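The next block holds one structure in the form of structure tokens; read it before the comments.
The values are calculated or read from the model by the stated rules, or taken from the named source; none is laboratory data. Keep in mind that this is a model prediction, so the values were computed, not measured. Glycine also receives a Cβ, built like all others from the backbone with ideal geometry; neighbour counts cover every protein chain displayed.
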Amino acid sequence: MLLRTTLRSSSATYVLPFLLGFVVVALGDDLSAWVTPHYWPSATGSATFALPFVSAACAASAAWEAARLHRGGVFDHAPVRSPLAITLPVLLPVTVMGFLGMGTALLLAASATDPGFGMPHLGILLIALAVVAANTLAGYLLGRHMSGVLAAPLALIASFFLNAYPSAWSINWLRHLVGGGLDSCCSIDTMVDSRALWSAAVFTAAVSLAAGLIIQRRDQVRARVIAVALVVSGFGCAAYIARDLGPEPVEARQTGALICEGQQPRICLWPEVDNRPLVQRETTKAVERLRKAGISVPDTLTMAQKPPAGAAKLGIPTNPRLAHIPSGVVSGLLPEPPPAPCTASRIRPSKPLARSRPGCTPPPVSPPTASPADSGPRKPAWPRPS
């Protein structure tokens with residue numbers, strides 16, 4: 001089939017404008033609200049907020065295309081090409097639709113952060129594209145066994161549920177299998193944890209390989225058994241990789257990128273910080289005022305997530321205003337707050353959160369006991385009408 005014919009007849013061609021409009025109108029504020037200014041990993045991670053929506057659209061469109069091929073009896077004859085060679089060109093517009101949807105989300109996030117020269121985080125970007133491809137192939141398999149009217153909405157709902165809802169569950173590692181925690185990356189002093197990327201890569205690769213095997217071998221029992229084994233083993237390996245990750249797949253950023261200047265105090269800033277001379281000058285003034293007031297200030301102030309011994313945290317944004325700098329200096333001198341007590345009143349409303357806290361065991365809750373005054377009949381709360 002000619003490329004122009006494929007594009008003209010594909011459902012993705014008609015779904016694409018609606019998908020892009022949904023990303024811009026419905027998701028635009030969420031994509032740009034929590035982005036760290038001038039930081040490409042943050043812009044790339046925020047763009048993955050649109051991943052469940054884009055993946056669901058691709059799964060539904062792929063299911064529709066599979067139902068069309070099944071209804072036309074394409075595989076019932078003796079084709080010259082292999083089933084996979086017939087399927088991939090049909091799914092090409094669907095995959096391109098997903099890539100364009102994620103590209104639009106990335107542009108919206110990047111426009112809010114003004115990252116300047118540089119590149120998006122390649123690892124996060126590749127994982128997003130891998131999740132889109134895996135959902136496309138899985139949706140295609142669903143459309144082979146039912147009509148398009150049923151397959152498309154079922155694939156849409158199932159894909160969105162499997163990609164979006166793990167982030168709401170208390171099992172932290174489960175969300176990382178589908179890239180669900182990447183949208184919380186990253187503040188200026190953190191970077192994405194590579195375990196989250198490897199976990200999603202292993203699982204999506206297993207799903208894609210299993211789907212490709214079933215498409216190629218069709219109804220062979222051996223192929224189905226191997227495909228199930230692939231998915232199960234991929235799920236197990238991915239879960240093992242992400243087993244120790246928290247809800248946010250981030251780790252402390254390497255301090256080698258810090259730019260340190262000055263003496264007494266020595267001030268270390270990330271290269272993404274705006275107007276570093278102003279920050280250096282105002283920070284020095286704030287330190288001098290604190291020392292004149294008799295407050296001890298370390299000789300080094302750093303924006304690193306975990307300051308070394310003898311240094312204090314400088315808590316300012318990458319686009320600081322004049323009022324941010326004194327408060328950022330003072331915040332680094334405050335002691336760490338004590339951990340929240342593990343009491344019944346704090347645990348009972350949110351048991352999943354209590355279970356996720358290491359070393360926090362809910363105390364036993366004794367059943368309510370009735371007082372002697374409660375043993376008799378209760379009086380009605382309101383007088384009975386006469």
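Might you let me know whether region 309-329 holds any residue that is assigned to a helix (DSSP H, G or I), closer than 30 Å to ILE171 by Cα, in contact with a Pro (Cβ under 7 Å, 6 or more places away or on another chain) and modelled with pLDDT under 90? Within region 309-329 (the criterion being assigned to a helix (DSSP H, G or I), closer than 30 Å to ILE171 by Cα, in contact with a Pro (Cβ under 7 Å, 6 or more places away or on another chain) and modelled with pLDDT under 90), the answer is no, since none of the residues qualifies.
Of all residues in region 247-279, those satisfying the criterion of being in contact with a Phe, Trp or Tyr (Cβ under 9 Å, 6 or more places away or on another chain) and not in a helix (DSSP H, G or I) are ARG253, LEU258, ILE259, TRP270, GLU272. Counting the residues of region 164-189 that are out of contact with any Phe, Trp or Tyr (no Cβ under 8 Å at 6 or more places or on another chain) and farther than 17 Å from PHE49 by Cβ gives 6.
For region 75-92, a tally of residues being surrounded by fewer than 22 Cβ atoms within 10 Å (Cβ to Cβ) and closer than 15 Å to THR13 by Cα returns 3.
When region 34-74 is filtered for residues that are surrounded by fewer than 24 Cβ atoms within 10 Å (Cβ to Cβ), in a helix (DSSP H, G or I) and β-branched (Val, Ile, Thr), only VAL74 remains.
Table: residues versus (1) assigned to a helix (DSSP H, G or I); (2) assigned by TED's automatic domain parsing to the domain that holds PRO307; (3) crowded, with 18+ Cβ neighbours inside 10 Å; (4) not hydrophobic (A, V, I, L, M, F, W, C).
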{"site": "LEU126", "(1), (2), (3), (4)": "yes, no, no, no"}
{"site": "PRO153", "(1), (2), (3), (4)": "yes, no, no, yes"}
{"site": "ASN163", "(1), (2), (3), (4)": "yes, no, yes, yes"}
{"site": "SER167", "(1), (2), (3), (4)": "yes, no, yes, yes"}
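Is it the case that some residue within region 289-304 is at pLDDT 90 or above, surrounded by 14 or more Cβ atoms within 10 Å (Cβ to Cβ) and in a helix (DSSP H, G or I)? Looking for residues that are at pLDDT 90 or above, surrounded by 14 or more Cβ atoms within 10 Å (Cβ to Cβ) and in a helix (DSSP H, G or I), one finds at least one in region 289-304, hence yes.
Of all residues in region 61-71, none are charged (D, E, K, R), out of contact with any helix residue (DSSP H, G or I) (no Cβ under 7 Å at 6 or more places or on another chain), over 20 Å from GLY143 (Cα atoms) and at pLDDT below 95. Within region 205-239, if we keep just the residues that are closer than 30 Å to ALA252 by Cβ and either touching a Gly at 6+ places or on another chain (Cβ under 8 Å) or without any contact (Cβ under 8 Å) to a residue 24 or more places away in the chain (or both), the residue that is surrounded by the fewest Cβ atoms within 10 Å (Cβ to Cβ) turns out to be GLY236. Of all residues in region 270-312, those that are touching a strand residue (DSSP E or B) at 6+ places or on another chain (Cβ under 7 Å) and of a type in the set (Asp, Glu) total 1.
Just one of the numbered conditions (1) without any contact (Cβ under 8 Å) to a residue 24 or more places away in the chain; (2) within 15 Å of the chain's Cα centre (by Cα) is not true of LEU182: (1).
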